[in-house]
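Below is one structure, written out as structure tokens; comments come after it.
The values are calculated or read from the model by the stated rules, or taken from the named source; none is laboratory data. The shown structure was predicted, so the numbers you read here are calculated from the model rather than taken from an experiment. Positions of Cβ are backbone-derived with ideal geometry, glycine not excepted, and every protein chain shown enters the neighbour counts. In case anyone asks, the SASA skips ligands and DNA or RNA and just uses the protein heavy atoms, side chains included. Shrake-Rupley method; radii C 1.70, N 1.55, O 1.52, S 1.80 Å.
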Amino acid sequence: MQVLNAQIRDRGKVNRIEVSKNLPLSPAEQIRLGAIRLGADKAIEKVIESISSRGIAFVNGVESRTDFVNFARALGRIVQHPDSERAGVTLITNNHEVSNRDGHQGFSTQELFPHTDRSTTAKPPLLLLMTCSKAAPIGGVSTFVDSAALLAHIKAGDPELAELLFAPNTAIFHDRLSTYEGAIFEESAEGSVNIRFRNDRRGYFCAPLAAKFSTLTRAIQQCAFGYKLRSGEMVVLNNHRWLHGRTAFGGERMIWRLLVEPSRIHHRR
Ligand SMILES: [Fe+2]
């Protein structure tokens, strides 16, 4: 966890969260200080600004599931997920009835490797919103990886691997409803770098990438930072730019998830 903490500190600098050097704040406290209050003046605009520039925003003060859904609706169109209920919300919690199925590790208490949501679809929803309804008593730290930082890290250590990750037909992500075949990194129309990745039984990789797979997964772990969401805290992230995951946990943990296709987000890097 020391590594994760150090990376939160780095991320804090990148995100320009203003914190006096004299204050003995932990990295988690820095994120809390920079979080946007749901009921605050221009909260939606502040979230859109943060998503447009950094690709991620932390929000607090989400007091109910209705708050969460209304906030998502203000950002754009809610996209249904195969596991979601009618309003589009999926409750991510430990559920032994489904956790053994392929692609349903999210419903276990195990670690989730950083990934893209709906990676098998032609165009994964742009925004992922996760609100903590109940934090796990042990573990359950959310993890986040910025594709731009990851690409820079890989380019510095293994340029050949970086090139390979842009090559077409490098990866296949497949579930019973859809299949994606293509690259892991892609240049977006706005000139930014998009990522699509999963590391489970539904991901298949071409031989040259398979040979370097441990380098890739190590790089992802090294670029990850962790933050344990408290009850009422939400993260909103660009699902094309950031991978997300979690550490294993003990006890009960409840996270509400929504996927949104936004109407007002403009990318800036
Ligand atoms: Fe996910």
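Assorted remarks:
- Any hit, the range 122-136, residues being touching a His at 6+ places or on another chain (Cβ under 7 Å), under 16 Å from W242 (Cα atoms), open to solvent by less than 40 Å² (accessible area, probe 1.4 Å) and among the aliphatic types (A, V, I, L, M): yes
- Test for N239: is it polar (S, T, N, Q), within 16 Å of the ligand (Cβ to nearest atom), in contact (Cβ under 8 Å) with a residue 60 or more places away in the chain and crowded, with 22+ Cβ neighbours inside 10 Å: yes
- Qualifying position, being of a type in the set (D, E, K, R) and modelled with pLDDT of 90 or more, among D67, D83, D102: D67
- Pairs, first under 15 Å from F249 (Cα atoms) in the range 106-117, second of a type in the set (F, W, Y), C-beta under 8 Å, six or more apart: T109/F249
- The one condition in (1) in contact with a Leu (Cβ under 8 Å, 6 or more places away or on another chain); (2) within 15 Å of the ligand (Cβ to nearest atom) that T215 fails to fulfil: (2)
- Across the range 83-100, the qualifying residues are those that are open to solvent by less than 40 Å² (accessible area, probe 1.4 Å) and in contact with a helix residue (DSSP H, G or I) (Cβ under 9 Å, 6 or more places away or on another chain), and the one among them that is nearest to the ligand (Cβ to nearest atom) is I92.
- Failed condition for R201, given (1) modelled with pLDDT of 95 or more; (2) within 16 Å of the ligand (Cβ to nearest atom): (1)
- Subset of the range 36-74 [in a loop (DSSP other than H, G, I, E, B), farther than 10 Å from M234 by Cβ and within 20 Å of the chain's Cα centre (by Cα)]: G55
- Residues of the range 172-211 satisfying the condition of being of a type in the set (D, E, K, R) and in contact with a Phe, Trp or Tyr (Cβ under 9 Å, 6 or more places away or on another chain): E181, E186, E187, R196, R198, D200, R202
- Pairs where the first residue, in the range 59-83, is more than 26 Å from H104 (Cβ to Cβ) and the second is in a helix (DSSP H, G or I) and of a type in the set (A, V, I, L, M), C-beta under 8 Å, 6+ apart: V59/A43; V59/V47; F71/I44; A74/I44; L75/I44; L75/V47; L75/I48
- Within the range 190-198, one or more residues are open to solvent by 50 Å² or more (accessible area, probe 1.4 Å) and away from the ligand (no atom under 16 Å from the Cβ).
- Residue that is farthest from R253 (Cα to Cα), among those in the range 137-150 that are aliphatic (A, V, I, L, M) and open to solvent by less than 10 Å² (accessible area, probe 1.4 Å): L150
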